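Reviewing the structure listed below.
Every number in this text was worked out from the coordinates using simple rules, so none of it is lab data. Everything quoted here is computed from the prediction, not taken from an experiment. When we count neighbours, we look across all protein chains shown, and the Cβ atoms used for this are built from the backbone with ideal geometry, even at glycine.
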Amino acid sequence: MLAFAGCDNSSGTGQNSKEQSALIRPAEHGVFHVFAEENIQHAIDAAAASSSSKVVRVHAGTYFPKQTSQALLHLTAVHDGVVLEADGDVVLSGTHSGPDGQTGTTDDVKVNHVVYFGDGISSQTVLRGFRITGAQPGTIFDQSEPPLEPRSRQRELIPGMFFYLDGGAIKIFGRSSPRIMELVIDGNESGLCGGGVSIEHRGLHDQPVQFTSCVFRNNRCPATGSAVDLLEGSLATFENCLFVNNVGNYGMDRIQREYGLSYNAQHGSGALTVFPDSRAEVNRCTFSGNWNGVDDHGRGSVYRNTIFWKNDASDGSRAGDPYEVDVMDASGLRDCWIGGGVSDLRGTIDRSQNRVAAPDPEFDEEFRPQRQGLEDLGYRPLED
């Protein structure tokens, strides 16, 4: 593979970027390798253009934007089928604060989203093994040419406020159903909703976004879905995921004044927010220490073998107490362990199928429950 050291990691899609991507060749076994200081997006573009080599392997290091833009990395329809995986400790950061190596100035460069998945992404597209952090509230509304979403001129895919302001770590838009595996999404903040991840299918989904063995920790947003937000008409599955210390809701009064938006005004929203006409499937996950666990106004969601414990973080700005579960249609909630505060906000949970007002699961430092009888419930680190 040809080296391309010194190239920035912005998501530029201009002619110069295409020319540089065209020079990149896969190494042995058809893998595109990216090393520290090299440009991940160029390798993604090269893999997209290849008829046979679709794997991009990013090696240890921290990769951050060198210029303010919509996203650090973007995968749209032309990138469908690309497998982007980390080799070692790889950090994708949404912010670059510090001396600029070329100009000697001090810039605060950031992106709206660290990773963007656009319309036309199937489950053949994979993101695996990264830590994504450092996203800060973005206010970049300029859709430069060519736009981040190539099909944005279609009426049903015209970008709106949520397109820009939601999803600090990851934004998923339109007919987009990637597989997201073994990620640590921590320390991100968005300008509105989905401090970690925002999914905006707009009812166009064929398959769910799949999250497997992911950790959502210390993400923040002023409104809904501090870890993950499923906007109206979206679908996602979560298998063996941990949601811990994610905080939302803290800016709802300002959001109502500035944007005229209000949602769950009394108690606030959860680390996972599922809007009407959306659906989540959650299995063997753990929610603890968040500002609320789950709020789900959809129909047909499934929650199995999941632990909700002490999701009671709050600054008192909501009139009501924090809660573990606020699910309107709880018919799919089975074999869950729920306790530590207001367990069942709406009184919809079947007590014969779940343990409500449950005792302490006795987590260890990695949130494995030590209490006898919980061997098949909740999140487990991958080494288990």
Please report ASP312, ASP108 as a ranked list, fewest other C-beta atoms within 10 angstrom at the top and most at the bottom.
ASP108, ASP312
Over the chain, the sum of -39500 (n - 2.57) across DSSP H runs of at least four, divided by residue number and rounded to 500 deg cm²/dmol, gives at 222 nm -2000 deg cm²/dmol
What is the distance in Å between the Cα centroid of the range 300-356 and that of the range 185-246?
18 Å
Give the long-range amide H neighbours of GLY320: residues separated by 5 or more places, or on another chain, with amide H under 5 Å away, using H modelled in the peptide plane at 1.01 Å from N.
HIS267
Among the DSSP beta bridges whose two residues both lie in the chain, what percent are antiparallel, rounded to the nearest 5?
10 percent
Using θ = phi - 60° and Karplus 6.51 cos²θ - 1.76 cosθ + 1.60, couplings along the range 281-286 (whole Hz; Gly, Pro as x):
10, 10, 9, 6, 10, 10
Relative contact order as a percentage, the chain, C-alpha pairs under 8 Å and 6+ apart, gives 9 percent
Using a Gaussian network model on the chain with a 10 Å cutoff between Cα atoms, which of GLY168, GLY300, GLY347 fluctuates the most?
GLY347
Mind telling me which of ALA280, ALA71, ALA265 comes out most flexible in a GNM of the chain, alpha-carbon contacts under 10 Å?
ALA265
What dipole magnitude, in Debye to the nearest 20, does the range 234-384 give about its Cα centre under +1 on Lys/Arg Cβ and -1 on Asp/Glu Cβ?
380 debye
Of the range 271-291, those with amide N under 11 Å from the point 7 Å along the Cα→Cβ vector of GLN370 are none
To the nearest 20 Debye, how big is the dipole of the chain about its Cα centre, given +1 on the beta carbon of each Lys and Arg and -1 on that of each Asp and Glu?
600 debye
Starting from the Cα-Cα distance between ASP384 and ALA265, subtract it from 0.36 nm times their residue separation and give me the gain in nm to one decimal.
38.9 nm
